[in-house]
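First the structure, in the form of structure tokens, and then the observations on it.
The values are calculated or read from the model by the stated rules, or taken from the named source; none is laboratory data. Model, not experiment: these values are computed from the prediction. Don't worry about glycine lacking a Cβ; one is built from the backbone with ideal geometry, like all the others, and counts go over all protein chains shown.
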Amino acid sequence: MVKMAGQPHYNLAEIQGLVALGAVEPANRSVYVELKKLDWTIGTLTQFILLLTTQNFHKAYPQMSIYNGRELLDADGYKMPFDEKRLCKGTEVDCVFFIKIGIRTKPSGGCAAVVSVHLDR
């Protein structure tokens, strides 16, 4: 399938389907650092991803380094306000978070690989 310019690499519903099955993993050490800074668990990250919509799409990122440079993965960036206390989509008074995520295929099946997550800068 050929990707159109300005379009995501992946179908968001497919990413969310993997996440709903528990197939989500931080793909870089920096993701663990950011999750700790944000005081987020994998459950919080999962909820954030499941709330994303195609309207939250920001930009496609080709060939992002994952697993400390051992692999490359196309990723899609999303931005969304998120209410961290209620774990729901936020409003204009809540912080906006940014995530880069892709689908990594491996012998045991696919997973949603989180390339980065942080407060939107």
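Things to note:
- First in the range 76-91 and without any contact (Cβ under 8 Å) to a residue 12 or more places away in the chain, second anywhere and in a strand (DSSP E or B) and surrounded by 15 or more Cβ atoms within 10 Å (Cβ to Cβ), Cβ under 6 Å, 6 or more apart: GLY90/PRO81; GLY90/PHE82
- Of all residues in the range 104-121 being among the hydrophobic types (A, V, I, L, M, F, W, C) and touching a Phe, Trp or Tyr at 6+ places or on another chain (Cβ under 8 Å), the one that is surrounded by the fewest Cβ atoms within 10 Å (Cβ to Cβ): LEU119
- Residue in the range 66-76 that is modelled with pLDDT of 95 or more and more than 21 Å from THR105 (Cβ to Cβ) present: no
- The set of residues from the range 70-86 being more than 10 Å from the chain's Cα centre (by Cα) and either among the acidic types (Asp, Glu) or over 22 Å from LYS59 (Cβ atoms) (or both) comprises ARG70, GLU71, ASP74, ASP83, GLU84, LYS85, ARG86.
- In the range 87-100, the residue that is farthest from the chain's Cα centre (by Cα) out of those that are modelled with pLDDT under 95 and of a type outside the set (Asp, Glu) is VAL93.
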